[in-house]
Each structure stands twice: as structure tokens, then as C-alpha cells.
1. Name the residue farthest towards the positive end of the dipole of segment 1-121 from the options LEU100, ASN68, SER23, assuming +1 on Cβ of Lys and Arg, -1 on Cβ of Asp and Glu, about the Cα centre.
2. Lys/Arg Cβ at +1, Asp/Glu Cβ at -1, dipole of the chain taken about the Cα centre: which of GLN10, ILE393, SER169 is farthest positive-ward?
3. Which log10 I(q)/I(0) values does segment 7-65 give at q = 0.13, 0.28 Å⁻¹ under the Debye formula, counting every alpha carbon as one identical point scatterer?
4. Given the peptides 313-322, 363-372, 376-385, 36-45, arrange them by the average over their residues of other C-beta atoms within 10 Å, most packed first.
5. With every protein chain present, what is the per residue accessible area of segment 332-393 (1.4 Å probe, Å²)?
6. Amide H of TYR222 versus every other amide H placed in the peptide plane: which residues, excluding those fewer than 5 positions away on the same chain, fall under 5 Å?
7. D for segment 175-228, whole µm²/s, Stokes-Einstein with Kirkwood Rh over alpha-carbon pairs at 4 °C and 1.567 mPa s: what number?
8. Using only C-alpha positions, report the orientation-averaged shadow area of the convex hull of segment 258-311, nm², one decimal.
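The values are calculated or read from the model by the stated rules, or taken from the named source; none is laboratory data. Model, not experiment: these values are computed from the prediction. Cβ: placed from backbone, ideal geometry, glycine included. Neighbour counts: every protein chain shown. Protein only, heavy atoms only, side chains kept; ligands, DNA and RNA dropped before computing areas. Shrake-Rupley method; radii C 1.70, N 1.55, O 1.52, S 1.80 Å.
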Amino acid sequence: MWRCVLPPLQRYPSVGELAARASVLAARHPRDARLRRVGTSRAGTPMWLLSIGHGDRHTLVVAGPHANEPVGGATLLTLAARVLADPALTDDTDATWNLLLCLDPDGARRNEGWLAGPYTLGHYFRNFFRPGFLEQPEWLPDGPAAAALPETRALLALQDELRPVLQCSLHGVDVGGGFVELTRDLPGLGRRLARTAAELGVPRELGAYDTLYWPTLAPAVYRIPPPRRGGLAAAITEAAVESTWYHPHRYGTVTAVVEAPMWGATGVEDGAPPADRDAELRTVSRSLRRDVRLLGGILARIRPHLDGTPDAARMLAPVDDYVLVCPGLADDWDPGTDTGTAHPLPPLSRAHLAALRIAGRRLALRTAGLLHRLVRGTGRDPAGVLPDLDRLIDLWCAEFRDDCGARWIPVARQAEYQARVVLHAFELAHGRAPVGSRSGEPGWGTRAAVPMHGE
């Protein structure tokens with residue numbers, strides 16, 4: 001039985017708290033748990049691996065691959081407590097669990113302004129940070145041999161050392177639903193995912209934007225296509241470029257990218273056909289073009305005043321990425337625009353269109369939030385842009401709430417959902433029979449949870 005031996009987390013742990021809690025667990029369980037340093041970030045932050053069990057068949061779970069997605073840290077603590085409390089997850093399967101506490105600790109620390117709450121969309125986006133694409137450690141734009149980031153090299157070395165049966169990469173969706181991406185099929189995962197999502201009141205994303213062109217293995221379960229070399233646009237629209245997801249494929253590893261939402265939006269699980277597909281696509285495309293023009297104008301007003309501003313280049317890199325790519329995305333989505341290069345859109349459900357609406361709004365809000373942080377970091381507002389940015393952020397967050405129905409999912413529930421999905425993937429990858437599950441929070445069991453709108 002999966003047991004929770006610690007109280008559920010009510011907030012996201014910081015990088016320092018993760019290391020401290022893992023150290024306590026290793027000290028309390030010296031026979032079963034070991035903590036070791038497996039790398040060092042660009043800023044000199046240690047990268048820690050917590051290993052539990054002594055089996056020959058390894059599972060590798062990677063938290064924090066994206067700086068703004070802290071749910072993986074909370075999930076790792078949930079998993080660690082559960083694995084330590086249940087020998088069936090180690091001894092009975094000849095298994096060792098290897099939990100990488102945070103793949104991008106430097107980026108995660110830049111998000112600590114919102115980690116402890118309040119958990120509102122405005123607070124999140126005004127304190128948002130996510131590095132440019134060349135600084136995201138799971139991406140291998142030039143292949144593994146040319147991996148430039150020390151964080152990436154540490155993960156590649158760990159994969160080559162462990163040759164895991166299963167690798168789980170823990171991601172967070174800011175607004176949307178939960179879904180899983182697999183490098184190899186795990187038959188039965190879709191049914192378990194549906195049950196877990198229903199029990200915990202987490203919407204499933206049935207038309208995930210990241211997987212728009214990928215095969216669907218089961219509802220909210222997608223097959224990651226074989227990697228290929230690709231540029232920035234491919235990394236955003238298809239995520240099929242070379243990555244650390246596929247690096248251990250040669251060892252027979254199955255990689256599961258497990259996405260858990262922070263704010264759930266029920267529209268992403270509506271698989272019905274849309275009433276007017278083309279009209280909705282034109283609206284989404286038109287909105288994205290308008291938003292990027294507004295943000296491009298604000299960026300032009302800010303840029304001349306950034307000389308000598310500490311860290312301006314790192315904050316501008318993702319802004320420039322978004323501003324560069326968004327017009328092409330709008331063209332790809334617009335049924336009236338033929339660029340001659342875009343993939344034809346697949347058949348779209350209401351869930352797909354909801355995911356595209358959310359994706360367009362997300363890109364605009366991330367850009368606005370990064371610009372807001374950048375200006376605040378200068379200690380002044382010489383271009384007078386903060387009122388404009390505040391107005392846009394408030395307006396677009398309200399659209400997330402009112403038009404998309406975005407509702408906050410408590411941290412403990414996010415972590416419980418993601419931990420259960422990882423455990424399901426573990427059972428299927430290791431050939432175990434399913435077991436019952438319970439959580440430490442009263443009311444979480446086999447019945448459906450309270451719908452998000454009723455919380």
C-alpha cells in the first residue's frame with residue numbers, strides 16, 4: 001500500500017528546503033537512503049541525488065527541469081516518504097529509486113519570489129522566470145556530445161551510470177490539465193491516469209498543445225516521437241528535438257514526462273468537436289499577434305535603458321525568444337495563412353482549441369511578467385512602462401480565470417497526483433501488479449474529489 005508518512009506539503013519547497021529535507025531523510029534511514037552530490041550548477045549550486053533501495057533495476061526521477069515548475073520537488077518528497085515506508089517498492093522489485101532533487105537549481109531560485117504564495121495568477125506571472133531555450137537543461141540542440149550546460153552533463157552522466165528501467169521527468173503546467181508523454185508505450189497507464197485524475201479532481205489535458213502533432217496512446221497519454229535536430233520554433237511547437245528524454249533509450253529505458261497542473265482548466269478535457277474550428281483559430285491567432293505587437297512596443301521602450309543593468313541579458317533572452325517565435329505560431333494556427341512551411345493542423349477537438357487559447361495567453365503573460373521583473377530590477381521605470389504592464393497582466397490573468405475557468409489546485413494535491421502517476425508508471429515498467437493507494441489527507445481515496453469550482 002502507498003502510505004504517506006509525512007504531512008502533505010501546503011506550499012512548494014525551495015531549493016534549500018529540498019536539500020535539507022532530503023538530508024534529514026537520509027540521516028533517519030541510513031540503511032536504505034543515500035544522498036550524494038552528482039553535479040554543480042553554473043552558479044555553483046550543488047545538485048543532489050537521493051537514492052533509496054539497493055536493487056539492480058533503477059528508476060530515475062528528475063525534478064525541476066523547468067525553473068518555473070516547482071511541483072516536482074514536492075512530488076519527490078512525497079515519493080521518498082512513500083518508498084521508504086513500503087519495501088514492496090524496492091526489495092520486492094529489485095529496485096532502487098534515484099531522485100534528482102532539482103535539475104535547474106539556479107533557475108528555480110529565481111522563482112522563489114512566488115513559491116510560498118499567495119498563489120494567484122498575478123503574483124505568479126509578476127515573479128515568473130524561465131530561462132531562454134539555450135539554457136534549458138533537458139534540451140540538446142547540438143546533441144549530447146556537445147552539451148554545454150553542466151546541469152545537462154550531470155544528468156547525461158547519471159543516465160549512463162544508472163541505465164534506468166524508467167525515467168520520470170516531472171513538469172508542471174501553469175494553466176491546463178495533467179497529461180503524460182512517453183518514449184515507449186506503457187499499456188494500461190491511460191486507465192490509471194483517468195482514475196487518479198478523477199479521484200483527485202485534476203482535469204486531464206486531452207489536446208495538449210505540446211503534443212499537437214504527436215500520436216495519442218490513450219486519453220491524455222502521448223507518444224514522444226524520435227528526436228531530430230531542430231531550431232527554436234521546433235522546440236516550442238513540437239518539442240521533438242534531441243533531448244535528455246531520449247538519451248537513455250539505448251538502454252531500454254522508458255521515459256515518462258509527467259505534467260501536473262497548477263491551475264486547472266476544465267475546458268482542456270472536452271473532447272467534443274468544435275462548433276466553428278476556423279473561427280476560433282482565427283480569434284486565437286489574431287489575439288496572439290495583437291499581444292506580441294503590444295509587448296514588442298514595450299520592449300522597444302525598455303531596451304535603451306538597460307545598459308549596465310545586472311542580469312539584463314539573462315532576463316531578455318526568453319523575452320526575445322517569445323517575441324521572435326510568436327508571430328510564426330500565430331501564422332501556423334491561422335487557417336487563412338499559408339506559410340508553406342507549417343505542418344497541417346490535425347483534427348481538433350474543443351480540448352485542442354482550449355489548449356491553443358491557453359498557450360497563446362501563456363506566452364503573452366510570460367513575456368509581460370519577465371518584462372515587469374526586468375524593469376523592477378533596475379530600481380526605476382524610466383520608460384514609464386510598469387502601469388501598462390500591470391494593466392496587461394491583470395487583464396490577461398482575468399481572462400484565464402473568467403474565460404478559461406482557471407482554478408488553483410492545492411500544492412499537496414498537485415504532488416499527490418504526480419506521485420501517483422509516477423508510481424503507476426513504475427508498476428507498469430517493472431511489471432508489478434497494481435496496488436491500492438491512500439493519501440495522508442482525509443478524503444483522498446477511491447471516490448471522486450470535490451470539483452475544482454466547488455473548492
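1. Among LEU100, ASN68, SER23, the one farthest towards the positive end of the dipole of segment 1-121 is SER23.
2. GLN10
3. -0.40, -1.33
4. On the way: 313-322: 18.6, 363-372: 24.5, 376-385: 13.4, 36-45: 15.0.
Going from most to least packed, we get 363-372, 313-322, 36-45, 376-385.
5. Working: 2480 Å² over 62 residues.
On a per-residue basis, segment 332-393 sits at 40 Å².
6. Those lying under 5 Å, H to H, from TYR222 are VAL180, GLU181, LEU182, LEU217.
7. On the way: Rh = 11.4 Å.
Estimated via Stokes-Einstein, D reaches 113 µm²/s.
8. Numbers: hull surface 28.3 nm².
Projected area, direction-averaged: 7.1 nm².
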